[in-house]
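Every number here is computed from the coordinates shown, using simple stated rules; none is lab data. What you see is a predicted model, and the numbers here were worked out from it, not measured in a lab. In this analysis, Cβ positions are derived from the backbone assuming ideal geometry, glycine residues included, and neighbour counts consider all displayed protein chains.
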Amino acid sequence: MSSLADSARKPLSLDGISNDTVRKAYDAIERMSGGDQALALPLYRKFREQGPLVRGDGGYFPEGFVVPPQIAVELLARGTPSAMTLNHASLREAMSDSGRFGFDAYKNLGPGRTPLLTDGQEHRRVRILLAKGLNPKSIRHWEDDLINPVVLELIGRFKSRGKAELRAELTEPLPARAIGAVLGLPASDLPQFNVLALLQQLPHTEPDSHLAMSRLHAYFFEQITVRRRLTPAILSQREDVISLMLTARDGNDDGFSDDEINGILHFLLFAGTETTNRTLANAITYLLHDQSTFDAVRNDRSLVPKAIEETLRLAPGGALNARVARLDTEICGVPIAKGTLIILNILMGNRDSDIWDRPDEFDIFRLPRQHVAFGVGGHMCPGMHLARLEMKIALNLLFDHCTNLRLDPDYPKPELRGIGLIGSTPIHVLFD
Ligand code: HEM
């Protein structure tokens, strides 16, 4: 592929951002994860016995219920009538029918007009752009040339130490770097890119969030501009996501503006970093707690995707999404008034005992059934191939390079926490 080498280009800078700020950002995101599974799950199950949805009248759900603060807080504060889906059928019905259930609950999520706020023709246009960028011409190229090197670099930093904390040293830094790699960013910018991606997820009231957002904005424009200067023939040979998006055409054969592409690139970082980081950490935690499954997967790598799917079912990085009813309607026969905020509980959808036996058990050998971790309907996650690939590569390379991987007895065992965002506590490991 042709090079984009630009000798005048300044490296992506972290001026004005301290290490302390980065740690504070991790802590702030952790606080947004909301809720204790051990308390909330039994409560959800109790209400599930009474029906497929539970109401939160006047904005109040029963005590102990967890709602996603970053999505719902403003609507709930206004006393908006609300309901939460508690099984697979109610979740699928509300999530997949954008004619009856709209996206206003996402107004405060991410910069500008994100894909999750769009609808109809506008959304179809955005999906063309996402499909062009996120369906690689060659998955092998993504795997061998782009993501393998990122994972190897991260593992290389702790390999000789014989011990590591896998959240801070592998699962947190991986997704933004992997996204940066497939976007075609210079490898030397990826560590700084990772920091800015993290900081832009802080609440908008935080000055560091603005700093990160504006620096990324300028950086994306620079990357777009360098590619716009290429001849059409050269640009069309390039396989990075930004170049692919620049050559995308909508149904009317129109291209996409720099602003549209810039907005999508920001959103990929919102949608694809914490989700993948947490799901990967959750998979590692499940495996480290279950020696026989761990051994089976390490010895037969065709089981790696099964371990990933079972983790996506039981503990996807994000588990609460939302819609707003556009009209008086019903879900699974339960009447729903226009304007009702519907909280989509993916965790309960994926643990529905009508669909899965022993739904709360981690069992990678169960028959494949359709989990809803990546959503359903028109807004289903377009980043799922990338997420699955990152997790598969990370698990395989961890098995290859860290033999006899085991929990470090000097630290507390990792546990899964949170409902809005589900994540593992630190994963301290030893290896030979
Ligand atoms: C394990 C990791 C991931 C999980 C569990 C996940 C889950 C989801 C879910 C449930 C939705 C639908 C939300 C709704 O309908 O309300 C979604 C949408 C989306 N995801 Fe992911 N995601 C993951 C990784 C990624 C990655 C790596 C990317 C891209 C780099 C990405 C990009 C997107 C985008 C752009 C949307 C919006 C699509 C639209 O509105 O049409 N996601 N994701």
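So what's the gap between the Cα centers of segment 186-201 and segment 296-361, to the nearest angstrom?
So the separation of the two Cα centres works out to 30 Å.
Restricting to Cα pairs below 8 Å that are 6+ residues apart, what does the relative contact order work out to for the chain? Please round to a whole percent.
Working: 671 pairs, mean separation 109.4, N = 432.
Reported as a whole number, the value is 25 percent.
Among 289, 88, 371, which one moves the most in a GNM of the chain with springs linking Cα atoms closer than 10 Å?
289
So for segment 374-429, averaging the separation of alpha carbon pairs under 8 Å that are six or more residues apart and normalising by length, what relative contact order in percent results?
It comes to 22 percent, rounded to a whole number.
Of the residues 248, 283, 218, which exhibits the maximal mean-square fluctuation in a Gaussian network model of the chain defined by a 10 Å Cα contact cut-off?
Highest fluctuation among the options: 218.
Could you work out how far apart the two model spin labels at residue 367 and residue 300 are, taking each label as a point 7 Å from the Cα in the direction of the beta carbon, and quote it in nm?
1.9
Over all directions, the average projected area of the alpha-carbon convex hull for segment 263-389 comes to how many nm²?
Projected area, direction-averaged: 9.3 nm².
Of 420, 16, 255, which has the largest mean-square fluctuation in a 10 Å C-alpha GNM of the chain?
16
Residue 221 versus residue 50, label points 7 Å from Cα toward the beta carbon: distance in nm?
Here the modelled spin labels are 5.4 nm apart.
Per residue of segment 133-150, what does 6.51 cos²θ - 1.76 cosθ + 1.60 with θ = phi - 60° give for ³J(HN,Hα)? Whole Hz please, x for Gly and Pro, Karplus curve as stated.
After applying 6.51 cos²θ - 1.76 cosθ + 1.60, I find x, 9, 10, x, 4, 9, 5, 4, 5, 4, 5, 6, 8, 10, 8, 3, x, 5 Hz.
Apply the Karplus parameterisation 6.51 cos²θ - 1.76 cosθ + 1.60, with θ equal to phi minus 60°, to every residue of segment 419-432 and state each ³J(HN,Hα) to the nearest whole Hz, in sequence, with x for glycine and proline.
Values, residue by residue: 10, x, 10, 9, x, 8, 5, x, 10, 8, 10, 10, 7, 8 Hz.
Give a quick list of trypsin sites (Lys or Arg not before Pro) in segment 229-305 that DSSP marks as loop, anything other than H, G, I, E or B, with at most 13 other Cβ atoms within 10 Å. Walk me through the intermediate numbers first.
Details: sites: 229, 238, 249, 278, 298, 301; in loops: 229, 238, 249.
Filter output for segment 229-305: 229, 249.
How do 113, 215 rank when sorted from fewest to most other Cβ atoms within 10 Å of their own Cβ? Present the calculation step by step, with values, prior to reporting the outcome.
Details: 113 15, 215 22.
If I rank by nearby Cβ atoms, fewest first, I get 113, 215.
What are the lysines whose alpha-carbon lies under 25 Å from the alpha-carbon of residue 132, with same-chain residues fewer than 8 places away excluded?
392
Taking all pairs of distinct Cα atoms, average 1/r, flip it, and tell me the Kirkwood hydrodynamic radius of segment 19-402 in Å to one decimal place. Please list the in-between numbers first.
Details: mean 1/r = 0.0456 Å⁻¹.
That comes to 21.9 Å for segment 19-402.
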